[in-house]
Amino acid sequence: MNNQTTVSQDENPLGAAPVGSLIARFAIPAVISMLVSAFYNIVDQIFIGQGVGMLGNAATNIAFPVTIISTAAALLLGIGSASNYNLEMGAGREKKASSIAGTGLSSLAIFGTVIAVIVLLFLKPLLHLFGGTPDVMPYAIDYMGITAIGLPFYVLSIGGNHLIRADRSPTYSMTCTLIGAIINTILDPLFIFGFGWGIKGAAWATVTGQVVSGILVIFYFARLRKMYLDRSMLIPRFPKLCAIFSLGMASCINQIAIAVVQIVMNNILRHYGAESVYGSDIPIACAGIISKVNQVFMAICIGISQGSQPIWGFNYGAKKYSRVRQTYRCSVTLCTIIAMIFFICFQFFPHQIVGIFGNGNDLYFQFAEKYLRIFMLMTFANGIQPMSAGFFTSIGKAKLGIIMSLTRQVLFLLPLIVIFPLFLGIDGVMYAGPIADTSAFVLAVVFARKELGIMKSMESDQEI
């Protein structure tokens, strides 16, 4: 077994190729895939804003928690499967690695279908719970009632692409998502403006793109995969699911936390907005736009993290700790540079950014610009927390990964957006953002430095 492990490590470029080139090879496709996923929502938001108006933008914000919850299921199974696969391959246990991948794939299809059925059965109550106002609800029902049909393919695409990257095919993973997004972008204006379908057109464009992406994932594992995978491995096994859940839970909880915060925030904006000069609909529409814009930034950081995870996981499993530490340092540096660029954009060009998503009155732009500047004030430090969560998950430290995922959304932001408006009104939501970001940044730095120090000690022990 030891000889097999050594051969596997030497043959696999994850354990031998230069770290910089590996990050570029895996992170660039992952970043593009994440950006494309973010643009699924942003393209809809732009065309809906131009073709339907502010209430259409508000509707997509109300429906957004369903997308986040679906993403949570996809990451739970996708990242959990991919992380276990990389660790087992690094340790030379190829059959066990493939068996975990098979359970992950079949579970993605099952989970996606279950979510779609629940959403369709309880559509109106869910949208009201998510913060829908009387004026927004008809648009939200039309949009979510259609996009729910594509959720099984969406979950399979998002989760399956993690396994495709783990199978050393990052370019194909990127292509799956890219083709779906291109289809969505082409069909959006055709359906919304050309066919006059309005918000329903945006929904059908999204579903079509998701279905194509999902089919491409199925085709990869049916015809193009590198890993060994037979049909018996596609039967979900409880022990394998437990292993998948343990390493995928951090990313899942992070998404669930985002969904919970989104729901609470929508309801708070609806309540305190009604008491302000802005009314309820303007804050909900603006918060939705800023959330989608921030998705672009986070997509890049999370993409870098996802691209680094196979490198972290394989080398940690192979006990090559210096390569793990080097990869983390390079990834954090890249995220910090990206974060500074977005910070400058958010602070100096808020009107131009918001204007991309359609026109509004003076109050609309006044609230949107203020919200973007204040809520995103700590953007320059916001890349460290998701990077660290992915890092701990990929090296098998599931508990630390979960803690990192919970810090910003649950431990800090959620209580702050509830408490601050009691004293500051709707402005309290804005100031909760940077305070939560600062707290999460400090905690991530402390935990990451400690873990890197432990690895350095382990590396020194190996040399003795």
| remark: Residues of region 226-244 with backbone N under 17 Å of the label point set 7 Å from the Cα of S106 along Cα→Cβ are 228-244
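Could the peptides 308-319, 49-60, 180-191 be put in order, highest first, of the mean number of other beta-carbon atoms found within 10 Å of their residues? Display every interim value, and only then the final one.
Numbers: 308-319: 25.8, 49-60: 24.2, 180-191: 19.9.
By packing density, highest mean first, the sequence is 308-319, 49-60, 180-191.
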| For region 260-332, what is one quarter of the convex hull surface built on the Cα atoms, given in nm²? | 6.3
| remark: Inter-part gap, Cα centre of region 13-80 to Cα centre of region 149-227, in whole angstrom, is 11
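Can you tell me which of 348-354, 157-163 comes out highest on packing, and rank the rest after it, using the mean Cβ neighbours within 10 Å?
157-163, 348-354
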| remark: Heavy-atom accessible area with a 1.4 angstrom probe orders R165, R449, most exposed first, as R449, R165
| Relative to the present Cα-Cα distance, how much length would full extension add between I179 and F219 at 0.36 nm per residue of separation? | 13.0 nm
| request: Rounded to the nearest 500, what is the 222 nm mean residue ellipticity of the chain from helices alone, with -39500 (n - 2.57) per DSSP H run of 4+ residues and division by all residues? | output: -28000 deg cm²/dmol
| Once fully extended, how much extra length lies between S21 and L190, figured as 0.36 nm per residue of separation less the alpha-carbon to alpha-carbon distance? | 56.8 nm
| note | With 0.36 nm assigned to each residue of separation and the Cα-Cα distance removed, D135 to M458 gains 110.3 nm
| note | In whole angstrom, largest first, the equivalent ellipsoid semi-axes that the Cα gyration tensor gives for region 222-371 are 40, 22, 14
| note | Note on region 18-101: alpha-carbon gyration tensor, axes a ≥ b ≥ c; rule is a/c under 1.5 for rounded, else prolate if a/b larger than b/c, else oblate; result oblate
| remark: At q = 0.11, 0.13, 0.18 Å⁻¹, the log10 of I(q)/I(0) for region 156-293 from a Debye sum over equal Cα scatterers comes to -0.65, -0.84, -1.14
| message | Please identify the DSSP H helices in the chain that span no less than 20 Å along the helix axis (Cα) and have a mean Kyte-Doolittle hydropathy of 0.0 or more. | response | 19-51, 54-90, 94-121, 151-166, 170-189, 199-219, 238-274, 281-317, 321-348, 427-463
| note | With a Förster distance of 35 angstrom and the Cβ-Cβ distance between L422 and K226, calculated FRET efficiency to the nearest 0.05 equals 0.05
| field | Rg(Cα) / (2.2 N^0.38 Å) computed for the chain, rounded to two decimals | value | 0.96
| message | Set the bar at 29 Å for Cα to Cα. Now go through K95/K456; K370/K397; K200/K292; K200/K226; K200/K370; K124/K397 and name every pair that lies beyond it. | response | K95/K456; K370/K397; K200/K226; K200/K370; K124/K397
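With the contact rule set at Cα under 8 Å and sequence spacing of 6 or more, what percent relative contact order holds for the chain?
Normalised by residue count, the contact order of the chain is 23 percent.
Pairs of Cα atoms under 8 Å, at least six residues apart: use those to get the relative contact order of region 323-395, whole percent.
47
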| note | Label model pair K370, K124: point-to-point distance (7 angstrom along the Cα→beta-carbon line) in nm is 3.6
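The values are calculated or read from the model by the stated rules, or taken from the named source; none is laboratory data. It should be emphasised that the depicted structure is a prediction, and the values quoted were computed from it without experimental measurement. Neighbour counts run over all protein chains shown; Cβ positions are idealised from the backbone, glycine included. We work out accessible area using only protein heavy atoms, side chains counted, and drop any ligands, DNA or RNA first. Shrake-Rupley method; radii C 1.70, N 1.55, O 1.52, S 1.80 Å.
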